[in-house]
Structures are given as structure tokens and as C-alpha cells.
Amino acid sequence: MNKLVYDIGGSSIKYAIMSDEAIVIERGSENTPLDSFENFIAVVKKIYDCHKDKVDGIAISAPGTIDPKSGLILAPGALSFNYKVNLIDKIHEFTTYPVSIENDGKCAALAESWIGNLSNCKSGIVMVLGTGIGGGIILDGKLWSGSHFFAGEFSYLAQGEITGFENVFALKGSATALIMEFAKAKEIDFQTVDGKKVFELIVAEDEHAISALKKVAHNLALEMYNLQCIFDPEKICIGGGISQQPFLIEEIKKELDTIYSKLPFEVPHVIVENCKFYNDSNLIGALRNYELNKKL
């Protein structure tokens with residue numbers, strides 16, 4: 001039977017009725033309540049009540065550091081009221097269906113490993129560029145979560161001395177970083193511009209927008225090289241809305257080639273390409289995680 005799949009985010013709760021083959025039969029979304037857990041779980045239940053007769057299980061993608069075996073949210077990400085909440089147990093207060101939950105970046109990696117651009121790889125990395133940089137690591141065909149379910153939290157990688165959250169990768173290689181670099185060059189408030197506008201200016205060959213792109217691509221390439229040295233993946237796939245711009249991938253490849261050319265010896269060159277899935281990656285990955293970690 002079909003599954004009810006949630007993609008919980010900081011602005012919206014997307015949901016879909018999906019077949020076991022990841023075919024979307026029905027979809028919708030609700031605004032994410034940000035004021036309290038009670039209002040948040042009420043929306044989750046509302047969606048469930050409207051679709052419970054069409055499904056026999058629930059799969060969830062959510063922000064934060066999550067133990068997928070127990071359902072405990074160890075760090076809440078964008079939704080602070082989820083701190084130390086066991087979301088599976090809370091959902092089991094209104095349903096007896098099996099439930100699964102996993103971090104959204106790891107869901108994106110599961111989607112790519114299952115039926116996406118990592119499906120022919122034993123090892124690979126997914127980096128999702130958004131407000132920060134999430135992702136997941138696939139080793140020997142399996143998602144690697146680490147000792148504390150923290151693996152793949154690329155936002156926290158250091159790019160300089162750590163002083164609070166100033167020199168972390170989230171502010172150097174994300175969509176936010178691109179906007180901030182452009183705004184800094186133009187000497188304008190970064191809140192007055194968005195990523196779509198920056199890419200329009202890149203196409204128009206605006207020197208400040210192109211400079212921002214090159215800086216962010218350099219930062220991305222540098223961390224990809226570091227990750228390559230640690231994990232030696234076959235591919236690194238880039239996700240998030242920003243990754244749909246082909247010149248970002250091309251610029252990253254150029255920066256990686258520059259890094260490789262400066263080494264005194266030959267090293268393997270990692271393949272960099274887009275993720276196959278964009279807006280549906282978290283839904284597809286959550287469905288895959290359901291089969292791996294559903295809790296009765």
C-alpha cells in the first residue's frame with residue numbers, strides 16, 4: 001500500500017502520498033508553525049487525518065540531528081521546539097502505523113543512492129546547498145551516519161578560525177554565501193537581493209555577480225577536495241535550487257582542476273555533477289529510509 005511522506009522544513013511542511021516505487025500520487029503543503037510544538041504537531045496530525053485511509057505507513061524527512069532508530073531529535077535545526085523530542089513516539093499517539101524519520105540532507109543522499117545519480121556508485125557524497133549546507137555520505141552502498149548521527153552536517157566544516165559561526169562552510173559555500181558575497185561586493189544589504197537575482201546578473205555578465213560565483217565555487221571545491229581525501233568518493237552530487245544553474249557546476253570543476261594542477265603528484269579526480277532530484281529528493285529519501293528504519 002502507499003505511504004504518507006512528510007518533508008518538514010522551516011517554512012513549509014510538504015507531503016505526498018507515494019507508492020513503494022516513489023511515484024507521487026498526491027501532494028500538498030502547509031505552512032510550518034514556528035511558535036510551538038503543539039501547533040506544529042497539530043498540522044502534522046491534520047495532514048494525517050485527511051489521508052490516513054489511503055496509506056499504511058508514515059515516512060518523515062526533517063531538519064536537525066536525528067537518531068533514525070529511535071526517532072529522537074538530538075539537535076533541532078530550524079525548529080527549536082523539536083529539541084529532544086521523540087517525533088516517532090509523538091506521532092504514535094495518534095496512529096498505530098509504522099513511522100520512520102531521518103535528517104533531510106541524509107534523505108537527499110538516500111534518494112540519490114537509491115534511484116538517483118549515485119545509484120551506480122558504492123561510495124558518494126551529496127551536498128545540498130541552501131541556507132546552509134546539508135548532505136549525506138554513502139559508503140559501501142549504505143548511508144553513513146557517524147557515531148552521533150552528525151556525519152554529513154557540512155555546514156559546520158571550518159574555513160578559517162572558528163569564532164562562533166563566522167567562518168563555517170555554511171557561510172562560505174551555500175546559496176546564502178553567494179548572496180552575501182554579491183551584496184558585499186555591491187555594498188548593499190544582502191537582505192535586498194536573492195539567489196535568483198544574482199544568477200540573472202551572472203547571465204548578464206555582471207562582474208560582481210561573477211566574482212561572487214567564483215569565490216563560492218572556490219570554497220566548495222576546496223571542501224570537496226578535503227572530503228575526497230578523507231572518503232575517496234566516486235561522485236559528489238550537488239543539490240538544492242542553486243545547483244540547477246549549470247555554470248555553478250562548471251565553475252566548481254574549474255576550481256577543482258586548479259587544485260589538482262597544483263599538487264606535486266597525481267591524485268584521483270572526483271566526479272562532480274547535479275543531483276537527479278530537486279524538490280522531491282527529501283520525499284524520495286524519506287520513503288527509502290522508511291524501508292530501512294520503520295518503527296512499529
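Scanning region 261-296 for residues that are among the β-branched types (Val, Ile, Thr) and more than 17 Å from Lys122 (Cα to Cα) gives Val267, Ile284.
When Asp140, Asp189, Asp194 are checked against the criterion of being of a type in the set (Asp, Glu), out of contact with any Pro (no Cβ under 9 Å at 6 or more places or on another chain), surrounded by fewer than 17 Cβ atoms within 10 Å (Cβ to Cβ) and under 30 Å from Ser113 (Cα atoms), a single residue qualifies: Asp140. Reported count of residues in region 58-109, each being crowded, with 17+ Cβ neighbours inside 10 Å and part of a loop (DSSP other than H, G, I, E, B), is 13.
Residues in region 19-47 that are surrounded by fewer than 13 Cβ atoms within 10 Å (Cβ to Cβ), in contact (Cβ under 8 Å) with a residue 12 or more places away in the chain and part of a helix (DSSP H, G or I): Lys46 alone.
Selection of region 158-186 for residues being modelled with pLDDT of 90 or more and acidic (Asp, Glu) yields only Glu181. Where strands (runs of 3 or more DSSP E) fall entirely within region 113-226, none has at least 2 residues that are touching a helix residue (DSSP H, G or I) at 6+ places or on another chain (Cβ under 8 Å) and over 30 Å from Ile23 (Cβ atoms).
Table: residues versus (1) in contact with an Asp or Glu (Cβ under 9 Å, 6 or more places away or on another chain); (2) in a strand (DSSP E or B); (3) at pLDDT 95 or above.
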site	(1), (2), (3)
Ile236	yes, yes, yes
Ser243	no, no, no
Phe247	no, no, no
Glu251	no, no, yes
Glu255	no, no, yes
Ile259	no, no, yes
Pro268	yes, no, no
Phe277	yes, no, no
Leu287	yes, no, yes
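The values are calculated or read from the model by the stated rules, or taken from the named source; none is laboratory data. Not measured: the values here are computed from a predicted model. Note that each Cβ is placed from the backbone with ideal geometry, even for glycine, and that neighbours are counted across all protein chains shown.
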